[in-house]
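Everything on this sheet refers to the single structure shown next.
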Amino acid sequence: MRFLIAITGASGALYAQRLLDNLDPQQHEVHVVLSRYAPQVIEAELPGGLRLAPGVRVHNARSMNVPFASGSNPPDAMVVIPCTMGTLGRIAHGYSEDLLLRAADVVLKERRKLILVPRETPLNLVHVRNFELLLQAGAVILPANPSFYTCPRTVEAVVDTVVARVLDHLGVPHQLVPRWAEELE
């Protein structure tokens, strides 16, 4: 499968890092694009910067000379993680001034999987209406709301509860967190 991972300037760069840590570029084609402000957030939140496995391809958000900028060659799935509300709103309204936004538009119009991982709180009515538009267009809204039934003991373990859900929606097998147990009879 060919995945495009987009990283915006929302706080939560660790979500993107942990997702990338769990996508094997030997098994999948993995592409990364960063928004204009993402590098500043990555610098503040990830000591040592973003770690990319060999084989992961990084693209400049200002370039449209990338295969997934066209509906004739979309990725199988795109994840915007973390996703600012500004990016989410621009995607919801078809505003595609750069590669990240154009790729999201392509993914929606070609009926591929678009997963948006917003990390904003609280929400206002504009956010909720943008969620509604994106859900109607076929996107998956997967807020960065961690679960705690696994009793995570580190920040990474908390983040992994969200990343596991993203991997589930991508159809990528993982062992990040235990599944909710079935009731015993």
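Every number in this text was worked out from the coordinates using simple rules, so none of it is lab data. A quick note: this is a predicted structure, and the numbers were derived from the prediction, not measured. Cβ atoms come from the backbone with ideal geometry, glycine included; neighbour counts cover every protein chain shown.
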Semi-axis lengths (Å, descending) of the ellipsoid that matches the C-alpha gyration tensor of the range 21-83: 21, 16, 10
Order the peptides 71-82, 27-38, 46-57, 134-145 from the highest to the lowest mean number of other Cβ atoms within 10 Å of their residues. 71-82, 27-38, 134-145, 46-57
Which whole-Hz couplings ³J(HN,Hα) result when phi for each residue of the range 85-90 is put into the Karplus expression 6.51 cos²θ - 1.76 cosθ + 1.60, θ = phi - 60°, listed in order with x for Gly and Pro? 5, x, 4, 4, x, 5
Write out the chymotrypsin sites (Phe, Trp or Tyr not before Pro) in the range 108-169 meeting two conditions: DSSP loop, and at most 14 other Cβ atoms within 10 Å of their Cβ. F148, Y149
Calculated FRET efficiency, R57 and E110, Cβ-Cβ r, R0 30 Å, to nearest 0.05? 0.90
In nm, what is the difference between 0.36 nm times the number of residues separating A137 and C151 and their Cα-Cα distance? 1.5 nm
Compute the relative contact order of the range 1-155 as a whole-number percentage, counting only Cα pairs closer than 8 Å that sit 6 or more residues apart in sequence. 24 percent
Per-residue ellipticity at 222 nm for the chain, helices alone: DSSP H runs ≥ 4 residues times -39500 (n - 2.57), over residue total, nearest 500 deg cm²/dmol? -10500 deg cm²/dmol
For the chain, with only Lys/Arg (+1) and Asp/Glu (-1) charged at the beta-carbon, what is the dipole magnitude about the Cα centre, in debye rounded to 20? 540 debye
Consider the candidate values (i) 19.9, 74; (ii) 20.5, 63; (iii) 16.0, 57; state which one is Rg and Dmax of the Cα atoms in Å computed from the structure displayed. (iii)
Run through the range 70-136 and list the GluC sites (Glu not before Pro) located in a DSSP loop whose Cβ has at most 13 other Cβ atoms within 10 Å. E97
